[in-house]
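**Q** Pasting a structure below so you can have a look.
Please treat every number below as a calculation from the coordinates, not as lab data. Predicted model only: the values in this text are computed from it and were never measured. Cβ placement follows ideal geometry from the backbone for every residue including glycine, while neighbour counts extend to all protein chains displayed.
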Amino acid sequence: MAARRPKVCFERILPHELMRPPRTERGPGGRSSAIAPIGKAWMNGSTLHVRFLGGTAAQQAIVRREAGWWTQSANIKFEFDNIPNAEIRIAFDPSDGAWSYIGTDCRSIPLNQPTMNLGFQDGGTTAHEFGHALGLAHEHQNPAGGIQWNEAVVIRELAKSPNFWDEATTRHNVLRRYSLDQINGTQFDPDSIMLYFFPAAWTLNGVATKANSTLSNLDKGFIAGAKMYPKDGGTLADAVELKVNARRRTAATIGKVGEEDLFRFSAASDGVYVVDTRGPTDVVMKVFGPNNETALIAEDDDSGLLTNARIVKKLVAGDYYVQVRHYNRARGMGNYSVKVRQLTGK
């Protein structure tokens, strides 16, 4: 009997990110476990709503159970209320495999389309996909993993049933490694729920990975750690108020335990607003709202001066949240400032 080929999930990425050239820098092992692409995490303490686009009662029960594995450790909640504008929308198309968009990318998908598909739910597949929805990447693409792929074999095998991938899809979801400056965390975790089983024949040194059907201790520690969703970290209630058109900039510090700063501001009238950071600290910034802490409006990395973030956006009157996360240790961390202003004559 022929060996059963593994079913492999794939990460859905946004069209503009498909145009980014892959970076494959290698580096030494890091201080964290598991990996998460920088800038994809939701705000700490968020409640994410979930809508089922089909599925049997048994399938939906698996979703509720395995999604709960993450919330036992992380400062994040899932509300299975099937509201139309739910952040996570799940289909169960068996012909479309298993996949999910990554973290806040889910908010960029039209509301009539799924952000996740569970075409199969073997082992911990559902928990794996919810890891993606929370902002985690595939562990086998960890730059510290050291998996020696036999690329020709991997490309050939994943072109067959049940995956039917072309070479570009295989390279994106299996062979490509993240670079150290693209991710939070670098220590490879062979027990991670985000690592799928691959047979020894797919590697040059005959080393296989094993199927992991539950969260590892390192998965639990990372999702609850400073860079993701710490239960003792800052939440929306701790967001620092920014006064629109304030004379002075608001000073802040990042790059320490917490790794995330939260701010809020009120737009008194419709108009074009500018939110920017200044200083030596390399940050990525997101704006959520109006009156909604998970509705992502805009995000930016380096549109400001040097490695600072700058967002210019037409906003309607309402309350907004600003999330600032540290991006790269090598490019500076420490003090920075943030300001929001409304442009006139627009």
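**Q** Which net charge results for the neighbourhood of Thr47, defined as the other residues with beta-carbon distances under 13 angstrom from its beta-carbon, given Lys and Arg at +1 and Asp and Glu at -1?
**A** Numbers: positive: Lys77; negative: Glu79, Asp81, Glu87, Glu293.
Around Thr47, the surrounding residues sum to -3.
**Q** Let me ask you something else. Would you work out which of Ala98, Asn85, Trp70 lies farthest towards the positive end of the dipole of region 37-118? Charges go on Cβ: Lys and Arg +1, Asp and Glu -1.
**A** So the residue we want is Trp70.
**Q** Now a separate question. Could you run the Karplus curve 6.51 cos²θ - 1.76 cosθ + 1.60 with θ = phi - 60° over region 313-319 and give me ³J(HN,Hα) per residue in whole Hz, x for Gly and Pro?
**A** Working through the residues one at a time gives 8, 7, 10, 8, 4, x, 9 Hz.
**Q** Give Lys227/Lys314; Lys40/Lys231; Lys40/Lys160; Lys40/Lys339 a once-over and call out the pairs whose C-alpha atoms are over 20 Å from each other.
**A** Working: Lys227/Lys314 30 Å; Lys40/Lys231 18 Å; Lys40/Lys160 31 Å; Lys40/Lys339 22 Å.
Correct reply: Lys227/Lys314; Lys40/Lys160; Lys40/Lys339.
**Q** If amide H atoms are built 1.01 Å from N in the plane of the peptide, which residues on other chains or at least 5 residues away come under 5 Å of the amide H of Val240?
**A** Leu262, Phe263, Arg264
**Q** How big is the Cα convex hull of region 196-321 in projection, averaged over all directions, in nm²?
**A** The directionally averaged projection comes out at 11.5 nm².
**Q** Tell me the net charge near Ile155. Cut-off is 10 Å between Cβ atoms, Ile155 excluded, with +1 for each Lys or Arg and -1 for each Asp or Glu.
**A** Values: positive: Arg156, Arg171; negative: Glu151, Glu157, Asp166, Glu167.
With Lys, Arg at +1 and Asp, Glu at -1, the net is -2.
**Q** So what are the ³J(HN,Hα) numbers for region 194-209, from phi and the Karplus equation (6.51, -1.76, 1.60; θ = phi - 60°), rounded to whole Hz, Gly and Pro as x?
**A** 8, 10, 8, 6, 10, x, 4, 5, 8, 10, 6, 9, x, 9, 9, 9
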